[in-house]
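To start, the structure under review is shown below, and the notes come after it.
The values are calculated or read from the model by the stated rules, or taken from the named source; none is laboratory data. Model, not experiment: these values are computed from the prediction. Cβ atoms come from the backbone with ideal geometry, glycine included; neighbour counts cover every protein chain shown.
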Amino acid sequence: MNRNLLHILPVLLVVFTGCSSIVTRFMAKSVNQIGDSVERVQNKIQNPVLPQVHASVLWVGHATMLIQIHDKVFITDPLFTKTVGLVMKRSVEPGIDPSSLQSVNYVLISHTHFDHFSYGSLDMLPKNGSLLVPFGALEYTPDLGFENLREMRPWDVVEEDGVRITAVPVQHFSGRYGFDILWLKNKGYTGYVIEYRDVTVLFGGDTGYEHELFKEIGRRFDIDIAILPIGPIEPRDFMERNHVDPLQALRIFEDVGARIMIPMHHRTLDQGFDPSPTYAIEQLRILADRQGITLKIVPLEIGERRIFSESAFSSTPAR
């Protein structure tokens, strides 16, 4: 891509969105990082889908989680490309090679932003499953070749072959190109609850904190694993409505009454002005230790998989 164009992208973004100067700072920072090296994942798992498992979660990076429950495979917000929107460069390579996936039952898209709805990444996946997108995102969805495509309103349910997936409301914002936020308003973003046999997983997508909203999710579901974002954190006054920090993520964990929390949405992309790439996870560990719930929090490295036996979900829920 022409470097001169890269330098004017921050200006174009501000012109079209009317955003504050802080957006320009974010974009300028991304441009300056174009030449930085990408950290490699050591000992990358070559066979990410197991022949037999109760439940497993593998963090591919950012909001991309490979979830396996018994014989069903789910992937959330797949991001495998080297850059996001041709500007923001990933800091760590993907935790798996998408060509190692022979079949995915469900691909879940939480919202229309480039780092969560990546056309290039979706092209890399097998197409023999269903693609679920939030209400308002269908017009942004090209024909990618998936066997099934479903647009999900809040509390909509897809149920097939014993799998039940519910779109649950979260607090975020939509739009893909900046100016389209004007007509998307309160649509185009969601979380999901996956239920299959004896396992229930909440995928929070991107979200700010809203107590009653998450309490309602907790009332409706008996959640085993809550996969929740923990960043970006700073600048807090800019991020707070749409991105929870580690303390707010722990409040969601308590509100929904999950047994285990797996953090995500940190480390992969440098999206804010946190002091270091590991700041969010370090803060989460400190807070979990203070609250005496360290054993309920399962931080993963990018490319790391955690396997859960049936007994892992026998503990008392967080609430």
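State whether one or more residues within segment 275-291 are among the polar types (S, T, N, Q), in contact (Cβ under 8 Å) with a residue 60 or more places away in the chain and not in a helix (DSSP H, G or I).
Filtering segment 275-291 down to residues among the polar types (S, T, N, Q) leaves 276, 278, 283, 291.
Next, from what is left, pick out any that are in contact (Cβ under 8 Å) with a residue 60 or more places away in the chain: none.
Checked against the condition, which is being among the polar types (S, T, N, Q), in contact (Cβ under 8 Å) with a residue 60 or more places away in the chain and not in a helix (DSSP H, G or I), segment 275-291 yields no hits at all.
Of all residues in segment 94-115, those being touching a Phe, Trp or Tyr at 6+ places or on another chain (Cβ under 9 Å) and in contact (Cβ under 8 Å) with a residue 40 or more places away in the chain number 11. Would you be able to say whether some residue in segment 94-114 is touching a helix residue (DSSP H, G or I) at 6+ places or on another chain (Cβ under 8 Å) and assigned by TED's automatic domain parsing to the domain that holds residue 201? Yes: segment 94-114 contains one or more residues that are touching a helix residue (DSSP H, G or I) at 6+ places or on another chain (Cβ under 8 Å) and assigned by TED's automatic domain parsing to the domain that holds residue 201.
Residues of segment 65-85 that are over 22 Å from residue 312 (Cβ atoms) and not in a loop (DSSP other than H, G, I, E, B): 83, 84.
Restricting attention to segment 29-82, the residues being modelled with pLDDT under 95 and under 16 Å from the mean Cα position of the chain (by Cα) number 0.
Does residue 238 meet the test of being modelled with pLDDT of 95 or more, aromatic (Phe, Trp, Tyr) and not in a loop (DSSP other than H, G, I, E, B)?
Taking the combined requirement at face value, the residue does not satisfy it.
With respect to (1) touching a Pro at 6+ places or on another chain (Cβ under 7 Å); (2) on the phi < 0 side of the Ramachandran plot; (3) of a type outside the set (A, V, I, L, M), the lone exception for residue 216 is condition (1).
Assess whether residue 251 counts as being in contact with a Phe, Trp or Tyr (Cβ under 8 Å, 6 or more places away or on another chain), closer than 27 Å to residue 309 by Cα and surrounded by fewer than 20 Cβ atoms within 10 Å (Cβ to Cβ). Explain how you work it out, then say what you get.
On the way: in contact with a Phe, Trp or Tyr (Cβ under 8 Å, 6 or more places away or on another chain): yes; closer than 27 Å to residue 309 by Cα: yes; surrounded by fewer than 20 Cβ atoms within 10 Å (Cβ to Cβ): yes.
Against the criterion (in contact with a Phe, Trp or Tyr (Cβ under 8 Å, 6 or more places away or on another chain), closer than 27 Å to residue 309 by Cα and surrounded by fewer than 20 Cβ atoms within 10 Å (Cβ to Cβ)), residue 251 qualifies.
Just a yes or no: is a residue in segment 52-73 in contact (Cβ under 8 Å) with a residue 60 or more places away in the chain and within 18 Å of residue 147 (Cα to Cα)? Within segment 52-73 (the criterion being in contact (Cβ under 8 Å) with a residue 60 or more places away in the chain and within 18 Å of residue 147 (Cα to Cα)), the answer is yes, since at least one residue qualifies. For the subset of segment 98-114 comprising residues that are assigned to a loop (DSSP other than H, G, I, E, B) and at pLDDT 95 or above, which member is surrounded by the fewest Cβ atoms within 10 Å (Cβ to Cβ)? Looking at residues that are assigned to a loop (DSSP other than H, G, I, E, B) and at pLDDT 95 or above, I get 102.
Do any strands (runs of 3 or more DSSP E) entirely within segment 129-230 hold 2 or more residues that are touching a residue at least 40 places away in the same chain (Cβ under 8 Å), surrounded by 19 or more Cβ atoms within 10 Å (Cβ to Cβ) and under 18 Å from the mean Cα position of the chain (by Cα), and if so, which?
Working: elements: 130-134, 148-152, 157-160, 163-168, 191-196, 199-203, 225-229.
Because the criterion is at least 2 residues that are touching a residue at least 40 places away in the same chain (Cβ under 8 Å), surrounded by 19 or more Cβ atoms within 10 Å (Cβ to Cβ) and under 18 Å from the mean Cα position of the chain (by Cα), the strands (runs of 3 or more DSSP E) in segment 129-230 that meet it are 130-134, 163-168, 191-196, 199-203, 225-229.
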